[in-house]
Amino acid sequence: MIDETKVMYFIKAFVSILVIFNPLLNLPVFIAYTAHLSNEEQQNTVKKAMKVASFLVVICALIGGPLLDILSISLPALQFTGCILIGKSAYDMIVCESDDNSCYTSSDASVYPLAIPLLAGPGTFSFVISYMKQAESYAMQGIILCIVLLVLLTSYLILSLGCRYGKIYLTKETVQVIRAVSGTILLSVALQSGVNATENVALKIFSYLEQNRRN
């Protein structure tokens, strides 16, 4: 008999990880960074970004928790790192006023910022590590890993199709608007990551002080 509690847990895991990946929110950013490319170059960029992100997320799922413990890296440290990296990308998008795409052609954007930290960032890592730690057996961890792979496949399809048809139907002026809006959204995400990190640090300090007071 199927355990409904576990089924709901896995459905929740899929939805939560998909929301963290948020391919619909990331789609405008992908379009902004790939609109100047040919169709083949655009699809290759999306594929490379997804390959890099997939590799990092799978490695994170397998050894992320123990690795962070060995290196003594805390979640707030990851969040502050994400805040800096995403904030840098957002700033570049907002201040770019060039009409010849020079702001986006200087380097390959598939690894940074599309794969890291947009797809594979601190939020994704922390969620995946959290769900892997909650798994009660190796079988459940295997299922969580399959859910992660399913989310990656779903994200790839959305981003690939979105970029392909977005390039066809979006005008140059629309792409410029998307860049500005995407930059603003990314900046908000970066600031929220910083806020979350600050809250986590504050909670740890408060907990430490409260424990010392009781002792």
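The values are calculated or read from the model by the stated rules, or taken from the named source; none is laboratory data. These numbers were taken from a predicted model, which means no experiment stands behind them. We place every Cβ from the backbone using ideal geometry, glycine too, and count neighbours over all the protein chains shown.
Pairs are defined by a Cβ separation below 9 Å, a sequence spacing of at least 6 or placement on different chains, a first member in the range 178-189 that is farther than 16 Å from residue 80 by Cβ, and a second member that is not hydrophobic (A, V, I, L, M, F, W, C) and not in a helix (DSSP H, G or I); the pairs so defined are 179/104. Residue 9 meets all of the listed conditions (1) over 27 Å from residue 187 (Cβ atoms); (2) surrounded by fewer than 16 Cβ atoms within 10 Å (Cβ to Cβ) but one, namely (2).
Check whether at least one residue in the range 140-154 is touching a Ser or Thr at 6+ places or on another chain (Cβ under 8 Å), touching a residue at least 12 places away in the same chain (Cβ under 8 Å) and either over 26 Å from residue 43 (Cα atoms) or not polar (S, T, N, Q) (or both), and report yes or no. Yes: the range 140-154 contains one or more residues that are touching a Ser or Thr at 6+ places or on another chain (Cβ under 8 Å), touching a residue at least 12 places away in the same chain (Cβ under 8 Å) and either over 26 Å from residue 43 (Cα atoms) or not polar (S, T, N, Q) (or both). For the range 107-134, taking the residues that are touching a helix residue (DSSP H, G or I) at 6+ places or on another chain (Cβ under 6 Å) and within 20 Å of residue 7 (Cα to Cα), the one that is surrounded by the fewest Cβ atoms within 10 Å (Cβ to Cβ) is identified as 133. Restricting 14, 55 to those that are in contact (Cβ under 8 Å) with a residue 12 or more places away in the chain, out of contact with any strand residue (DSSP E or B) (no Cβ under 9 Å at 6 or more places or on another chain) and part of a helix (DSSP H, G or I) reduces the list to 14.
Restricting to the range 153-177, name every residue that is closer than 13 Å to residue 24 by Cα and either under 15 Å from the mean Cα position of the chain (by Cα) or surrounded by 13 or more Cβ atoms within 10 Å (Cβ to Cβ) (or both). Answer for the range 153-177, where residues must be closer than 13 Å to residue 24 by Cα and either under 15 Å from the mean Cα position of the chain (by Cα) or surrounded by 13 or more Cβ atoms within 10 Å (Cβ to Cβ) (or both): 154, 155, 156, 158, 159, 160, 162, 163, 166. Is it the case that some residue within the range 135-146 is of a type outside the set (Val, Ile, Thr), within 30 Å of residue 30 (Cα to Cα), modelled with pLDDT of 85 or more and surrounded by 13 or more Cβ atoms within 10 Å (Cβ to Cβ)? There is at least one residue in the range 135-146 that is of a type outside the set (Val, Ile, Thr), within 30 Å of residue 30 (Cα to Cα), modelled with pLDDT of 85 or more and surrounded by 13 or more Cβ atoms within 10 Å (Cβ to Cβ). Summed over the range 141-175, residues that are in a helix (DSSP H, G or I), farther than 18 Å from residue 119 by Cα, of a type outside the set (Val, Ile, Thr) and touching a helix residue (DSSP H, G or I) at 6+ places or on another chain (Cβ under 8 Å) total 4.
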